[in-house]
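The values are calculated or read from the model by the stated rules, or taken from the named source; none is laboratory data. These numbers were taken from a predicted model, which means no experiment stands behind them. Please note: Cβ atoms are built from the backbone with ideal geometry, for glycine as well, and neighbour counts cover all protein chains shown.
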Amino acid sequence: MVKNRTSIRVRYCETDQMGVVNNANYPTYCEIGRTELFRELGLSYKTIEEAGIILPLVDIYLKFKQPALYDDQLIIETQVNTFPSSRIRFDYLIYNQEGELINEGYSTLAFLDLTTRKPLRLPKLIESILSPYFHKV
C-alpha cells in the first residue's frame, strides 16, 4: 500500500451561493490527490506522459458524507491498496479541518499508449516506483 495526504483550501469559485462546495469539484480534488501521490514518489504526470503513457479515467465513485464549505482546509488522503496491472485504483478519504470524514470514494485509471491509445500492462516506469510498497506473493 502507498498513501499520500494533501491539504487544500476550498476556494470561493468552488462553492454555491450558500458557501457549500459543488459536488462537481470532488473529482478535481481526487485528481489533486493522485497527482500529489505520484509527485511524492518522485514521478510527475508530465514524466509519465513523456514516457508515452496516458491514464484516462475508467470510473469514479464518490460518497458524500457531509458538505465542505468555503475556506475549509481539506485533507485528501489518497491510497493505492492493490498492486496495479493494466489499471490502477486510487482510494480517497477527504476530511475537513476538524478531522471529520466528508467524502470517500475511488477511481480507476487505465494505462494506455499515448500514440496508439491501446491498453498497456503495468508500465515498468510505474512498476519500479510502486513495487517497494507492495509485498510479493
Exercise. Taking the stated definitions as given, is Val80 among the hydrophobic types (A, V, I, L, M, F, W, C) and surrounded by 14 or more Cβ atoms within 10 Å (Cβ to Cβ)?
Worked result: yes
Exercise. What number of residues within segment 52-91 satisfy the criterion of being among the aromatic types (Phe, Trp, Tyr), under 21 Å from Lys124 (Cβ atoms) and within 14 Å of the chain's Cα centre (by Cα)?
Worked result: 1
Problem set entry | Test set (1) at pLDDT below 95; (2) closer than 30 Å to Thr116 by Cβ - Leu55 fails condition number | (1)
For this session: Output yes when any residue across segment 89-108 is more than 17 Å from Val21 (Cα to Cα) and aliphatic (A, V, I, L, M), and no when none is.
Result: no
Exercise. Of everything in segment 95-110 that's in a strand (DSSP E or B) and not small (Gly, Ala, Ser), which residue is surrounded by the fewest Cβ atoms within 10 Å (Cβ to Cβ)?
Worked result: Leu101
For this session: Determine whether segment 57-68 contains at least one residue that is more than 23 Å from Arg39 (Cα to Cα), touching a residue at least 40 places away in the same chain (Cβ under 8 Å), not in a strand (DSSP E or B) and not small (Gly, Ala, Ser).
Result: yes
Exercise. So how many residues does segment 8-21 have that are exposed (fewer than 12 other Cβ atoms within 10 Å of the Cβ), in contact (Cβ under 8 Å) with a residue 12 or more places away in the chain and either assigned to a strand (DSSP E or B) or of a type in the set (Asp, Glu) (or both)?
Worked result: 1
For this session: Would you mind finding the one in Thr78, Thr115 that is within 18 Å of Val2 (Cα to Cα) and among the hydroxyl-bearing types (Ser, Thr, Tyr)?
Result: Thr78
Exercise. Looking at segment 8-23, is at least one residue under 26 Å from Leu114 (Cα atoms) and at pLDDT 95 or above?
Worked result: no
